[in-house]
């Protein structure tokens with residue numbers, strides 16, 4: 001059976017990889033974003049602004065069986081009021097419209113920032129306690145969707161993304177910065193202490209998991225989309241240097257650790273693994 | 001020093017008692033609500049709709065030193081989408097406007113429903129995990145206010161109300177129902193099993209505590225406004241029957257327990273008591 005899947009935020013970092021996965025799997029994909037980009041090709045593109053969606057947004061997206069919803073404006077400023085003042089209400093209105101129009105299934109990119117300052121291995125059962133406006137707004141969107149979906153037949157998979165890395169990432173990200181520095185021949189790369197433990201996935205793997213979640217029948221509810229393996233940022237950087245044969249030496253301790261993240265946290269991948277194995 | 005305090009929701013159940021406490025204490029009070037009511041007298045009344053406040057709302061309220069904010073529409077339906085679709089954004093806009101206009105201190109009525117289905121004694125340190133749209137929306141309003149107040153000099157006291165009872169309560173409340181039944185001479189009063197443990201305050205005592213919180217200098221952050229004493233609903237009803245000399249017999253077990261409340265939960269009053277003693 002050929003599935004028909006639409007993707008918002010399709011021109012973004014993860015979105016481009018999700019589109020590629022869908023096309024590689026022979027799935028009928030519709031990509032949507034505000035403006036077309038050369039990074040997305042090989043599928044139908046629908047220009048759409050979530051802040052001002054047309055009344056027939058569901059039909060314009062080709063009445064998809066699944067929407068993979070990745071769009072979210074205002075990053076990487078995790079503490080902007082934009083997230084709850086503009087983004088939350090507009091995202092809620094957009095998705096509510098699609099649900100009311102008959103969307104059967106919604107897969108949304110959540111975030112580990114919903115957990116807030118909780119350390120160690122985080123399972124989906126942990127109560128959310130976001131400390132950033134970004135994490136709060138994603139958490140609030142999920143709750144609002146759960147409230148309205150209790151009265152509809154639309155199913156929800158809420159995939160809490162942990163950390164991603166890979167080609168096409170925003171210029172401010174660690175991976176983009178060190179690869180740019182290595183490519184321009186910098187001898188050293190100033191960075192944080194690097195001892196913080198995180199949960200990292202290559203973006204292509206995260207995209208593949210998103211597509212697997214979309215292809216399952218029904219909704220999974222809340223799932224961590226993560227490796228389940230804590231890794232220090234220092235080890236990750238050293239892994240990249242070896243893998244890409246970069247001639248650069250990291251200088252640790254140049255920048256402080258961010259205060260909106262715990263020093264050590266990673267996702268439990270048990271639910272994700274059980275769900276994808278057992279369906 | 002004569003304080004100047006404005007009160008929203010002044011014609012409501014708690015509001016009327018708060019106004020009375022303020023006037024008894026010789027405080028210069030301004031009462032506000034959409035429409036004037038005979039239940040509020042002896043102070044200045046300002047008609048104001050929170051959904052459409054005037055640009056000079058702060059000045060119209062007499063540029064108060066403290067706002068005691070009790071208004072909240074859409075109760076007692078704890079699960080209506082109204083709470084996050086309409087009430088949350090309009091309350092946020094209204095209060096943000098007052099904060100930007102220079103309001104020095106805000107005392108807001110929160111709710112024990114912010115905690116969600118957590119049993120036993122609840123302290124303010126417990127992470128919130130609301131299961132009703134009402135609890136979620138109050139919790140979200142508090143978080144949004146905290147985010148914007150981090151950048152202003154306005155101070156916040158967020159008083160989580162547990163259960164109240166007393167004259168003037170909504171007709172659907174337990175106290176209003178049994179007192180009406182007793183007054184009309186009913187022999188029996190059908191009710192729930194009555195074994196659930198709750199935290200009850202007489203409304204006059206809750207109003208007095210709200211005024212004490214308003215008169216403290218600075219903000220207390222989140223506080224439970226509660227007795228700290230678990231009491232079964234059965235015992236409370238039996239206490240009322242004795243206190244008011246009603247000739248009515250409760251019939252327990254006629255109605256199920258609500259599924260949006262834990263069977264047994266009450267507030268820890270330690271923070272409240274310490275704060276009011278130590279200032």
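The values are calculated or read from the model by the stated rules, or taken from the named source; none is laboratory data. All of these numbers come straight from a predicted model, not from anything done at the bench. Methodologically, a virtual Cβ is constructed for each residue, glycine included, from the backbone with ideal geometry; neighbour enumeration extends over all protein chains shown.
For the reader, a short list of remarks on this structure follows.
Listed here are the residues, each with its yes/no results for (1) assigned to a strand (DSSP E or B); (2) more than 30 Å from residue B:87 (Cα to Cα).
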position: A:145; (1), (2): no, no
position: A:148; (1), (2): no, no
position: A:157; (1), (2): yes, no
position: A:176; (1), (2): no, yes
position: A:212; (1), (2): no, yes
position: A:222; (1), (2): yes, no
position: A:227; (1), (2): no, yes
position: A:235; (1), (2): no, yes
position: A:238; (1), (2): no, yes
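- If you filter segment A:142-158 down to residues that are surrounded by 21 or more Cβ atoms within 10 Å (Cβ to Cβ) and within 22 Å of residue A:199 (Cβ to Cβ), you find that the one that is nearest to the other protein chains (Cβ to nearest Cβ) is A:158.
- Scope segment B:24-59; condition surrounded by 14 or more Cβ atoms within 10 Å (Cβ to Cβ) and over 24 Å from residue B:142 (Cα atoms); matching residues: B:25, B:27, B:28, B:29, B:36, B:37, B:39, B:40, B:43, B:45, B:46
- Verdict on residue A:278 being modelled with pLDDT of 95 or more, surrounded by fewer than 18 Cβ atoms within 10 Å (Cβ to Cβ) and under 30 Å from residue A:105 (Cβ atoms): no
- Only one of the numbered conditions (1) away from chain A (no Cβ under 14 Å); (2) in contact with a helix residue (DSSP H, G or I) (Cβ under 8 Å, 6 or more places away or on another chain) is not met by residue B:91, and that is (1).
- Residues of segment A:111-121 include none that is more than 14 Å from chain B (Cβ to nearest Cβ), touching a strand residue (DSSP E or B) at 6+ places or on another chain (Cβ under 8 Å), free of Cβ contacts under 8 Å to residues at least 60 places away in the same chain and farther than 25 Å from residue B:118 by Cβ.
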